[in-house]
Amino acid sequence: MEFPVWVVGIGPGHPDYILPAAVRAVEAACFLVGGPRALELFNHLNRESKLIDRNLPEVLEYIKDKRKQGPVAVLVSGDPGFYSLLGYLSKHFAPEDLRVIPGISSVQVAFSTLKLPWQDAALLSLHGRPLEDAAHLLGEYPAVGLLTDPKVSPAQLADCLANQGLHQAEVYICENLSYPDEQVCQVSPAGLREIPAFNNCVVVIRRGT
Ligand SMILES: C[S@@+](CC[C@H](N)C(=O)[O-])C[C@H]1O[C@@H](n2cnc3c(N)ncnc32)[C@H](O)[C@@H]1O
């Protein structure tokens with residue numbers, strides 16, 4: 001017998017933002033798979049766990065092996081449907097083997113913290129993507145929400161905005177949302193150059209006039 005693989009969105013990080021359905025799925029699982037922050041949230045359950053690192057084939061083998069013994073919960077930050085391991089897992093498991101529990105995305109938390117609607121915003125992750133992919137969105141949409149990659153520096157984003165002629169844009173940096181060290185600030189495009197790096201951030205850019 002093989003048990004289902006649960007892909008569980010755990011929200012931005014704070015326990016208050018985890019859905020009850022997600023908690024139930026994790027509690028019912030025998031094995032947990034996730035990043036350090038996600039696993040830490042469920043330390044008290046004392047489940048056998050596997051840390052997700054760069055070695056995805058090894059993580060996959062772990063899941064395939066353990067689901068023969070009991071349900072496995074793969075914990076992903078935010079919502080599973082938005083730049084998570086779900087895409088990878090969907091290629092390796094049949095739909096009937098997967099159960100997906102939605103989570104509150106970091107983007108939702110960013111826009112609500114800024115008290116801004118996001119129905120007209122374009123959303124993009126910069127993880128493993130060139131900044132040029134964001135450039136055309138900046139010209140086309142009134143607002144853009146970016147999941148940052150530490151490899152893309154704030155100065156590079158400043159260059160990108162300058163190249164698009166967006167000198168008046170409003171840039172909001174939303175770091176470690178929902179964590180005790182959450183920081184949200186607004187800077188000008190030029191002010192981005194004063195910031196050393198993006199670390200666990202959603203950056204929201206409003207084109208301005
Ligand atoms: C692999 S993506 C996962 C996105 C996730 N599925 C979601 O819906 O938010 C990881 C990126 O999400 C953003 N992120 C996740 N949690 C965050 C938080 N608590 N505060 C700010 N950004 C966060 C960061 O840009 C981070 O690099």
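A compact table of results
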item: Over 31 Å (Cα to Cα) - which of 50/151; 66/115; 115/151 fall in this group; result: 66/115
item: Computed E for residue 124/residue 53 - FRET, C-beta separation, R0 35 angstrom, nearest 0.05; result: 0.90
item: Solution diffusion estimate, µm²/s, Stokes-Einstein, the stretch 107-206, Kirkwood Rh from C-alpha pairs, 37 °C, viscosity 0.692 mPa s; result: 247 µm²/s
item: Beta bridges per DSSP with both ends in the stretch 5-104, % antiparallel, nearest 5; result: 5 percent
item: Solution diffusion estimate, µm²/s, Stokes-Einstein, the chain, Kirkwood Rh from C-alpha pairs, 20 °C, viscosity 1.002 mPa s; result: 118 µm²/s
item: Normalised contact order of the stretch 1-116, rounded percent, pairs of Cα under 8 Å and 6 or more residues apart; result: 42 percent
item: Peptides ranked, highest mean first, by Cβ atoms within 10 Å: ranges 179-191, 161-173, 143-155; result: 143-155, 161-173, 179-191
item: Antiparallel DSSP beta bridges within the stretch 100-209, percent to nearest 5; result: 75 percent
item: Counting DSSP beta bridges with both ends in the chain, the antiparallel % (nearest 5); result: 45 percent
item: Under 17 Å from the Cα of residue 64 - aspartates and glutamates, other chains or at least 8 residues apart; result: 2, 48, 53, 96, 97
item: Mean Cβ count within 10 Å, highest first, over the residues of peptides 55-66, 16-27, 76-87; result: 76-87, 16-27, 55-66
item: The chain: calculated mean residue ellipticity at 222 nm from DSSP helix runs of at least 4, using -39500 (n - 2.57); result: -8000 deg cm²/dmol
item: Two-decimal Rg/Rh across the stretch 5-104, once Rg and the Kirkwood Rh are taken from alpha-carbon atoms; result: 0.91
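Each reported figure results from applying straightforward, stated rules to the coordinates on display, with no laboratory input. Every value quoted in this text rests on a predicted model; they were computed, and no experiment measured them. Heads up, the Cβs are rebuilt from the backbone with ideal geometry, glycines too, and the neighbour counts pull from every protein chain shown.
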